[in-house]
Amino acid sequence: MDREWTQQEQDLIFALDIGTRSVIGVAGRPEDGLFHVLATEREEHSKRAMLDGQIEDIAQVALVAGRVKERLEQRLERRLKRVCIAAAGRALQTEQGRYAITLPETQRVNDEMIARLEAGAVSEAEAAVDSADRLFLVGYTVSRYLLDDYPLSTLKGHNGQKLEAEVVATFLPAGVVESLYAVMERCGLEVSSLTLEPIAAINAAIPMDLRLLNLAMIDIGAGTSDIALCRDGSVVGYTMATVAGDEITEAIMRAYLVDFQTAEHVKAHLTGSVTFTDILGLEQTLDARSICENIRPAVTALAKELAERICCINGGSAPSAVFLAGGGSKLAGLPEETAAALGIEGRRVAIAGGYFKNVIRAEDESIFDPVYATPLGIAASAGLGLISDSYRLQLNGKRARLFRSGLMSALDVLMMNGYTYADLIGRTGRSLMVYADGVRKVFYGEPAVPSVLKINGADASPSTVIQSGDSVEFTPAVSGADASLTLGQLLRALDLAAPAAVNGERAEEDTPLQSGDRITSGLALLAEEPKEESEEEPAEAWETETRFAPRMDETPEADKEEAPINWHFMLNDRPLMLPGKRSGEPYYLMDLLEHTDIDFDHLQSPVMIQVNGANGQFSQTLAEGDRVRIYLAARQIFEDFS
């Protein structure tokens, strides 16, 4: 009989909500602008396989999810192969970041400056996250701008010199996504869409036309509460609170000496009178109002924590209204306490579910319950296109893992799939500087191999906006090899005589040299030890200093015969002379990186570059006498590096 079942049709949506207490499956189709629910299944975990929304036991979670899938297959008489899932919002980590840019002179602020400023603040927030796991940037919201120390709601179009921004940024540990994918693979399922649980819940609870308002949605689970914020038509912020329904359950346990399951039953039936048996075996029947009064301090504490988290991602102010979802949303007194904590009218905090029918159609209306906000939201988000189609992107031949909705740049795609600043620009290999018979010599490392970015086979910049179905190909930059030299290679390259000493000690020709080494060769070795030189060069030293990087496969004579003319630049307002390249090629801006004092192995923020006062590119060709500035500034969206 099973062999007669058909495969899952393209329009048949199968969604799984992997929760702390249970797994919920929803199947249905989009019809006439609504998501029509055909079947739902739910099964609780028989043992502790999840911890605060995180998968602890992949095999056990896969077993439960597999049974939910099989029961849906029986009801639909379809083989389910594709699934829509959501990453737990309770895994999100939110931090604040602040960054400032000081421009060379007063300028009109444009979009590029603002993007660099915000990205720098996000970088500071990421550095503050306490996590050993690789992180994905999920999103951020700006809480404050300052221009020349004066607060403004927007910077664009204003004139100023000092720009500052404070942001609240949200990150997701990569392990959360990887464990979800591992469970789906064990169930024989291919992930067709991935979103965040708070985004899914808000898509079920708050219609698109209401998101022009500043609204918050709180999905109150057992161990934590997920929070999403919308404004100007988009979801703009996410966070979580480590308090939720379990705090209330524990308050009931302490107040009435009952076990966890009994306290859960009491919490869910706080109307009229409640009958229960305590741990002493005594049966009690109490008025629900008296229970509510006893647990009011715990409810107040929960509401205050939720209000604080909402205001944090909303720039310090309360939203216009709040929707409560999840099992904890039905807690008596919570809407009123939340409104009081936010300082808004009580009617502005409501239980979600009233708007479910705007996106969901079902014969069994019992699912129009705030408890089902997340599973219904996952299904409707995929079926009705409420999340960006950008999850269908291909990155290096595989489906990209993305979380945001709305417009997305190629850089967004790269950062959300684990690529970093170093992958975009690489670095030139470190130089080797030594003193040979008192003369400073510099041997240069190899230049970086630039990154390559293509969209649908054509060269593209990181700022290019991605369209649904695009194929992105990215080859990370490869940092150049550091300069390396043995004592013998140095002697031959500079036509110096053996024997020789390194830092006052006789050394063999195969001795590897380190930056700062002092080499004494030939007759000079037999002469009186020269006086110690100062590490600081005289201002005019650049005019006579010899700098070149001989190829190790060439003879010293060839080096001397082919020595080209020198190039002169001003780097960060100081003179710099470099030898001409034997190939006759010009110098590129990236060649000057190693001559700055920037530690490219431990960057805390991106690098700003200018040539003769204008923004430069690392691949830019330099001309004799160019004035170059290379300095650390706000992390930016890398248009300059493409």
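The values are calculated or read from the model by the stated rules, or taken from the named source; none is laboratory data. Please read all numbers here as calculations on a predicted model, not as lab measurements. Cβ: placed from backbone, ideal geometry, glycine included. Neighbour counts: every protein chain shown.
Restricting the search to segment 431-449, which residues are buried (at least 19 other Cβ atoms within 10 Å of the Cβ) and either more than 30 Å from SER471 (Cα to Cα) or modelled with pLDDT of 85 or more (or both)?
Within segment 431-449, LEU432, VAL434, ALA436, LYS441, VAL442, PHE443, TYR444, GLY445 qualify.
For segment 278-334: of the residues being of a type outside the set (A, V, I, L, M, F, W, C) and part of a strand (DSSP E or B), which is nearest to the chain's Cα centre (by Cα)?
Here the residue is ASP287.
Looking only at segment 330-340, which residues are modelled with pLDDT of 85 or more and out of contact with any Asp or Glu (no Cβ under 8 Å at 6 or more places or on another chain)?
Of everything in segment 330-340, those that are modelled with pLDDT of 85 or more and out of contact with any Asp or Glu (no Cβ under 8 Å at 6 or more places or on another chain) turn out to be GLY333, LEU334, PRO335, GLU336, GLU337, THR338, ALA340.
I'd like to verify a number: residues in segment 356-401 that are at pLDDT 85 or above, surrounded by fewer than 24 Cβ atoms within 10 Å (Cβ to Cβ) and closer than 23 Å to GLU178 by Cβ, how many?
Qualifying residue count, segment 356-401: 2.
In segment 361-385, how many residues are closer than 20 Å to ILE218 by Cβ, touching a Leu at 6+ places or on another chain (Cβ under 9 Å) and not in a helix (DSSP H, G or I)?
Residues in segment 361-385 being closer than 20 Å to ILE218 by Cβ, touching a Leu at 6+ places or on another chain (Cβ under 9 Å) and not in a helix (DSSP H, G or I): 1 in total.
What is the residue count in segment 272-295 for residues that are among the aliphatic types (A, V, I, L, M) and within 14 Å of ASP259 (Cβ to Cβ)?
Result for segment 272-295: 3.
Please determine whether any residue of segment 64-78 is at positive phi and not in a helix (DSSP H, G or I).
There is at least one residue in segment 64-78 that is at positive phi and not in a helix (DSSP H, G or I).
So that you can scan it fast, the table gives a plain yes or no per residue for (1) among the hydrophobic types (A, V, I, L, M, F, W, C); (2) free of Cβ contacts under 8 Å to residues at least 12 places away in the same chain; (3) under 24 Å from LEU146 (Cα atoms); (4) surrounded by fewer than 19 Cβ atoms within 10 Å (Cβ to Cβ):
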{"residue": "VAL83", "(1), (2), (3), (4)": "yes, no, no, no"}
{"residue": "ALA86", "(1), (2), (3), (4)": "yes, no, no, no"}
{"residue": "ARG98", "(1), (2), (3), (4)": "no, no, yes, yes"}
{"residue": "ILE101", "(1), (2), (3), (4)": "yes, no, yes, no"}
{"residue": "GLU105", "(1), (2), (3), (4)": "no, no, yes, yes"}
{"residue": "ASP111", "(1), (2), (3), (4)": "no, no, yes, yes"}
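Out of ASP148, ASP133, I need the residue that is surrounded by fewer than 17 Cβ atoms within 10 Å (Cβ to Cβ), touching a strand residue (DSSP E or B) at 6+ places or on another chain (Cβ under 6 Å) and modelled with pLDDT under 85. Which one?
One residue alone meets the criteria, ASP133.
Give me the pairs: first residue in segment 468-492 and within 30 Å of LEU386 (Cα to Cα), second residue basic (Lys, Arg) and surrounded by fewer than 19 Cβ atoms within 10 Å (Cβ to Cβ), beta-carbon distance under 9 Å, and six or more apart or on different chains, which are they?
SER468/ARG392; GLY469/ARG392; ASP470/ARG392; SER471/LYS454; VAL472/LYS454; GLU473/LYS454; PHE474/LYS454
Do we have any residue at all in segment 188-209 that's within 30 Å of TYR145 (Cα to Cα) and free of Cβ contacts under 8 Å to residues at least 40 places away in the same chain?
Yes, segment 188-209 has at least one match.
Restricted to segment 457-484, and to residues that are in contact with a helix residue (DSSP H, G or I) (Cβ under 8 Å, 6 or more places away or on another chain) and modelled with pLDDT of 90 or more, which residue is surrounded by the fewest Cβ atoms within 10 Å (Cβ to Cβ)?
PRO476
So, in segment 502-517, exactly how many residues are modelled with pLDDT of 90 or more and outside any loop (DSSP other than H, G, I, E, B)?
Result for segment 502-517: 2.
Just one of (1) modelled with pLDDT of 90 or more; (2) buried (at least 20 other Cβ atoms within 10 Å of the Cβ); (3) among the basic types (Lys, Arg) trips up LYS454, so point out which.
The failed condition is (2).
Every residue in segment 277-307 that is within 30 Å of SER143 (Cα to Cα) and touching a helix residue (DSSP H, G or I) at 6+ places or on another chain (Cβ under 8 Å), please.
If the condition is that a residue be within 30 Å of SER143 (Cα to Cα) and touching a helix residue (DSSP H, G or I) at 6+ places or on another chain (Cβ under 8 Å), then ALA298, VAL299, THR300, ALA301, LEU302, ALA303, LYS304, LEU306, ALA307 are the ones that fit.
Which residues, counting only those in segment 246-273, are of a type in the set (Val, Ile, Thr) and either assigned to a strand (DSSP E or B) or closer than 18 Å to SER329 by Cβ (or both)?
ILE248, THR249, ILE252, VAL266, THR271
Kindly list the number of the only condition in (1) touching a helix residue (DSSP H, G or I) at 6+ places or on another chain (Cβ under 8 Å); (2) in a loop (DSSP other than H, G, I, E, B) that fails for LEU453.
Result: LEU453 fails condition (2) only.
Just to check your reading of the model, which residue among GLY353, GLY343 is small (Gly, Ala, Ser), modelled with pLDDT of 90 or more and closer than 22 Å to ALA244 by Cα?
So the residue among GLY353, GLY343 that is small (Gly, Ala, Ser), modelled with pLDDT of 90 or more and closer than 22 Å to ALA244 by Cα is GLY343.
Let's see how each residue does on (1) surrounded by 15 or more Cβ atoms within 10 Å (Cβ to Cβ); (2) at pLDDT below 85:
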position	(1), (2)
ARG3	no, yes
LEU12	yes, no
PRO30	yes, no
PHE35	yes, no
ALA39	yes, no
ARG48	no, yes
ALA59	no, no
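Quick one: is GLY97 outside any helix (DSSP H, G or I), at pLDDT 75 or above and of a type in the set (Gly, Ala, Ser)?
So GLY97 passes the test.
Across segment 590-620, what is the total count of residues that are at pLDDT 80 or above and touching an Asp or Glu at 6+ places or on another chain (Cβ under 9 Å)?
Within segment 590-620, residues that are at pLDDT 80 or above and touching an Asp or Glu at 6+ places or on another chain (Cβ under 9 Å) number 3.
Before we move on, is GLY429 assigned to a loop (DSSP other than H, G, I, E, B), under 30 Å from SER484 (Cβ atoms) and out of contact with any strand residue (DSSP E or B) (no Cβ under 7 Å at 6 or more places or on another chain)?
For GLY429, the condition - assigned to a loop (DSSP other than H, G, I, E, B), under 30 Å from SER484 (Cβ atoms) and out of contact with any strand residue (DSSP E or B) (no Cβ under 7 Å at 6 or more places or on another chain) - is met.
Can you pull out the residues in segment 220-245 that are part of a loop (DSSP other than H, G, I, E, B) and within 20 Å of SER143 (Cα to Cα)?
ASP232, GLY233
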